[in-house]
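*Asks:* First the structure, then my questions, so here it is.
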Amino acid sequence: MRPIPTRTRIPILTDLLEFRQMVGDPLGFSKDMVARYGDVCYIPVPGVKNYFIHDPEIIKEVLATQSGKFCKSRMYRALKRFLGEGLFTSEGDFHREQRRMINPAFHKQRIQEYAETMVDCTLNETKTWIEGNVINISEAMVNITMQVITRTMFGSSLELDLIEKVSSIITRLMVIAGKIFQNPLYILLFEKDIRTPLIKEFYELKKEAFSIIDKFILDGRNNSHNERTDLLSMLLNAKDEDGGKGMSDDQIRDEVMTIFLAGHETTSTALSWVWYLLGTHPDIGEQFYKEIQETIGHRKPEYNDYQNLVTTRNIIKETLRLYPPAWTFAREAKEDVTINEYFFPKGSLLCTLTYLVHRDAKYFKNPDEFRPDRWQGDETANLPKYAWFPFGGGNRMCIGEGFAWMEATMILAIIASKFRLELKKGFTTTMNPGFTLRPKDNIQMVVSKVYN
Ligand code: HEM
């Protein structure tokens, strides 16, 4: 067995001194640990056998090859009170069966149908933009992705005021859930059912959101003969392997909430970073606008454009490398596990350092540079599989990856076909690693041109 380097620790003193850094600057803390101890290190924290994993080979074992020996971490178990037994939080055979039933809702053909909704929602959000406007692009991306998920979930014929109502309740609920589930103290209070004002508000919003979703489910059941193609009707019609039993209403509600949670903030965060990087790299911005002008001009983009937007997709890929929304995720060992001669006892918490692997000079030349063209040609052709893994891996890999690619590409394409945006003069920001790796400040762009 190989010994695992361990953070040296003076009990209580180290914990107190480092706790602030761990919570206040987790990226700096983990970078520091990797620099000191290497690709695998043990960071004992009172009550948790905590390991940082920075090696693509070991990450592959954890997420894919030996995934059966791991389950999701304690944070996910706390999330169960919110998302019940949805895809994100369920385990084992139950998860496998749910995933099998839900997969068809994310097939290529479905995503093709959602592409038009993605374009329409973007047009709706941007219809008031005029030349000279300063746009809070982060907020705009949240609004668009929330509209997209609401309309793809419940049907594109949904009235605008209902979309806005559902969106605003769920957005607020997500903000509060983010505050609770990224704070170990709140997770503890939540687990003990101690109702602080924030937790109380969480339960009130949850009740409101659930009652709206339940009504949609009831309507869907009563109108099952309609030829609907939205996500909800796919869930309502899904059948288990024997083709008999479908999902219960409670189960469908859990999956709806899960897809809202998992599928909204990740994409809007990634898009915020795309705009920031384009704004801070005007030469790459030029290449992006040129591609959109040449491929789409000023018409509405459509599904078939996706494959031709190579520069745009490389920009998204490179943004997901530099700012992976899921900047770390964790697995807990259900039993003793040995990987590459490292021994992890039962109960160990293995945290992938996705953000740091993505910026490792072993895999990427000048790793902190934003260079979308690194994804063309040979430079990245032979990367280890888990050197770039913003969508996770193995049987828990993001089910919405294809959806997210289409959504991000369509939103960027429609905006660039109608407007030119520049970063507001003097605007800079940095990272705020919480539930997702968000920009610390809302990104401000100026509309410098409008095409008719
Ligand atoms: C840029 C956008 C996105 C990123 C970076 C992202 C990232 C991820 C990651 C890393 C995981 C795995 C987490 C883990 O293993 O612990 C995951 C799971 C998941 N994602 Fe995404 N995601 C994105 C967009 C979406 C979208 C658009 C949807 C749905 C519409 C979605 C739905 C889900 C679901 C349901 C899971 C749980 C899958 C399972 O455990 O079987 N995601 N996502």
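*Asks:* Around residue 429, which amide H atoms from residues at least 5 apart in sequence, or from another chain, sit under 5 Å from its own amide H, with H modelled in the peptide plane?
*Replies:* Amide H neighbours of residue 429, under 5 Å, 5+ apart: none.
*Asks:* Let me ask something additional. Take the Cα of residue 74, step 7 Å along the line toward its Cβ, and report every residue of segment 318-334 whose backbone nitrogen sits under 19 Å from that point.
*Replies:* Residues 328-334 fall inside that zone.
*Asks:* Given a Förster distance of 25 Å, report the FRET efficiency between residue 25 and residue 378 from their Cβ-Cβ distance, rounded to the nearest 0.05. Before the final figure, lay out the partial values.
*Replies:* On the way: r = 36 Å, r/R0 = 1.45.
After rounding, the FRET efficiency stands at 0.10.
*Asks:* If you don't mind, another one. Applying 1/(1 + (r/R0)^6) with R0 = 25 Å to the Cβ-Cβ distance of residue 362 and residue 9, what FRET efficiency is obtained, to the nearest 0.05? Write out the running numbers ahead of the final one.
*Replies:* Working: r = 28 Å, r/R0 = 1.11.
In this case the efficiency is close to 0.35.
*Asks:* If you don't mind, another one. Say each of residue 302 and residue 450 gets a label point 7 Å from the Cα, pointing the same way as Cα to Cβ; how far apart are those two points in nm?
*Replies:* So the label points at residue 302 and residue 450 sit 2.7 nm apart.
*Asks:* Give me the dipole magnitude in Debye, nearest 20, for segment 284-333 about the Cα centre, with unit charges on the beta carbon: positive for Lys and Arg, negative for Asp and Glu.
*Replies:* Details: 7 positive and 7 negative charges, 18 e Å.
Its charge dipole is roughly 80 debye.
*Asks:* Then there's this: For segment 342-410, which trypsin sites (Lys or Arg not before Pro) pass both filters: DSSP loop (anything but H, G, I, E, B) and at most 14 other C-beta atoms within 10 Å? Don't skip to the answer; put the middle values down first.
*Replies:* Numbers: sites: 346, 359, 362, 365, 374, 385, 396; in loops: 346, 359, 362, 365.
When the trypsin sites (Lys or Arg not before Pro) of segment 342-410 are filtered for loop state and at most 14 Cβ neighbours within 10 Å, 346, 362, 365 remain.
*Asks:* For the pairs 80/200; 31/365; 179/334; 418/440; 362/385, note any where the Cα-Cα span goes beyond 21 Å. Numbers along the way, then the final one.
*Replies:* Working: 80/200 17 Å; 31/365 18 Å; 179/334 28 Å; 418/440 28 Å; 362/385 14 Å.
Exceeds cut-off: 179/334; 418/440.
*Asks:* Sticking with this one: Quick one: Debye curve from the alpha-carbon atoms of the chain only, equal weights, vacuum; give me log10 I(q)/I(0) at q = 0.07, 0.10, 0.12 Å⁻¹ to two decimals.
*Replies:* -0.36, -0.77, -1.12
*Asks:* When Lys and Arg each count +1 and Asp and Glu each count -1, what net charge do the other residues less than 15 Å away from residue 242, Cβ to Cβ, add up to? Spell out each step's value before the answer.
*Replies:* Numbers: positive: 96, 100, 239, 245; negative: 93, 97, 240, 241.
Every neighbour counted, the sum reads 0.
*Asks:* Between the alpha-carbon centers of segment 113-158 and segment 381-428, tell me the distance in whole angstrom.
*Replies:* Result: 16 Å between the Cα centres.
*Asks:* Moving on. I'd like to know which of 222, 109, 448 lies farthest towards the positive end of the charge dipole of the chain, counting +1 on Cβ of Lys and Arg and -1 on Cβ of Asp and Glu.
*Replies:* Farthest towards the positive end: 448.
*Asks:* About its Cα centre, what dipole magnitude does the chain give when the only charges are +1 on Lys and Arg Cβ and -1 on Asp and Glu Cβ, stated in debye to the nearest 20?
*Replies:* 920 debye
*Asks:* Within 10 Å, at most 13 other Cβ atoms, and a DSSP state outside H, G, I, E, B define an exposed site. Report the longest part of the chain free of exposed GluC sites (Glu not before Pro). Can you show the working numbers first?
*Replies:* On the way: sites that count: 131, 159, 227, 241, 335, 341, 369, 379.
Looking at the chain, 1-130 is the longest stretch - no exposed GluC sites (Glu not before Pro) with at most 13 other Cβ atoms within 10 Å.
*Asks:* Tell me which residues come under 5 Å, amide H to amide H, from residue 342 once H is placed; ignore anything under 5 positions away on its chain.
*Replies:* Amide H neighbours of residue 342, under 5 Å, 5+ apart: 2.
*Asks:* Can you bin every Cα-Cα distance in segment 112-265 into 5 Å intervals starting at zero and give me the percent of pairs per bin, rounded to whole numbers?
*Replies:* Reading the bins upward from 0: 1, 8, 16, 18, 18, 14, 11, 8, 4, 1, 0, 0.
*Asks:* In segment 420-452, which residues have a backbone nitrogen under 18 Å from the label point lying 7 Å from residue 123's Cα in the Cα-to-Cβ direction?
*Replies:* The answer is 420, 450-452, whose backbone nitrogens lie closer than 18 Å to the label point.
*Asks:* Return, ordered by residue number, the residues of segment 91-105 whose backbone nitrogen is under 11 Å from a label point located 7 Å along Cα→Cβ of residue 240.
*Replies:* Under 11 Å, as judged by backbone N against the label point of residue 240, lie 94, 97-98 of segment 91-105.
*Asks:* If you take the Cα Rg of segment 20-172 and divide it by 2.2 N^0.38 Å, with N the number of residues, what do you get? Display every interim value, and only then the final one.
*Replies:* On the way: Rg = 21.1 Å, N = 153, 2.2 N^0.38 = 14.9 Å.
Dividing the Cα radius of gyration by 2.2 N^0.38 Å gives 1.42.
Since every read-out is calculated from the coordinates, none of them should be taken as a lab result. For clarity, every value in this text was computed on a predicted model and none was experimentally measured. Backbone-built Cβ (ideal geometry, glycine too); neighbour counts: all protein chains shown.
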